[in-house]
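Asks: Shown below is the structure under consideration.
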Amino acid sequence: MPVIDFDPPERFVTDTVGPPGQRVFFLQATQGSRVMTVSLEKDQVRLLGRSIAEMLDQVAPEEGSEAAGEAVADNAPLDTPIEEDFRVRRLSMAWDAGRHVVVVEAHDTDPDEDGDDESLPDAESTAALHGLRVVLSPAQARAFSVRCARAVAGGRPNCPFCGGPLDPSGHICPRANGYRR
């Protein structure tokens, strides 16, 4: 599986395209003229940002502080044209203690999905599989985590009863037995 490395990236950001309720979430890594854009789910962005923040609080509280993240924050929009390289199915992150960096990986396949040898791709389809690996300093990782939270919060407001997203036309709330306000 070809994995594209950004070690270190000039930019690593997440953002959305589209109106609330129809947004598509993207991760974008940039290094020189090389740009890689991958799409993923809102919950993946939320969990990745939260997990990075929790990890930094434990392993690099000073270098990965919110103040350090603000110093390197990237608030610019995604680079255009936005062309999806692949859809993320598996995300992982790790702390490299030797280098003192956060490593984030995104892949378009989950090899443990079925758990049997028949699910392994053959040699011809392996060329179509992709991966992205990004190495971030603790400050860059904190800035990315804050941007993840901001991207997720920028959508539709949540229902005060069930927590589900509210549509402009209202929604059927399961906690109110389907009563539409």
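Every number here is computed from the coordinates shown, using simple stated rules; none is lab data. For clarity, every value in this text was computed on a predicted model and none was experimentally measured. Using ideal geometry, Cβ is built from the backbone for each residue, glycine included, and neighbour counts are taken over all protein chains shown.
Asks: Using the Karplus equation 6.51 cos²θ - 1.76 cosθ + 1.60 (θ = phi - 60°), what ³J(HN,Hα) coupling, rounded to whole Hz, does each residue of the stretch 38-45 give in order, writing x for Gly and Pro?
Replies: Once θ is set to phi - 60°, the couplings for the stretch 38-45 become 10, 9, 7, 8, 4, 5, 5, 5 Hz.
Asks: About its Cα centre, what dipole magnitude does the chain give when the only charges are +1 on Lys and Arg Cβ and -1 on Asp and Glu Cβ, stated in debye to the nearest 20?
Replies: 1300
Asks: A follow-up question, please. When the chain is modelled as a GNM with alpha-carbon springs shorter than 10 Å, which of L132, L166, L56 fluctuates the most?
Replies: L166
Asks: Sticking with this structure for a sec: Which of the three applies to the chain, rounded, prolate or oblate, going by the alpha-carbon gyration tensor with a ≥ b ≥ c and a/c under 1.5 meaning rounded?
Replies: Oblate is the answer for the chain, as a/c is 1.5 or above yet b/c matches or exceeds a/b.
Asks: Can I ask one more? Towards the positive end of the charge dipole of the chain, with charges on Cβ (+1 Lys, Arg; -1 Asp, Glu), say which of S145, P20, P77 has the farthest Cα.
Replies: P20
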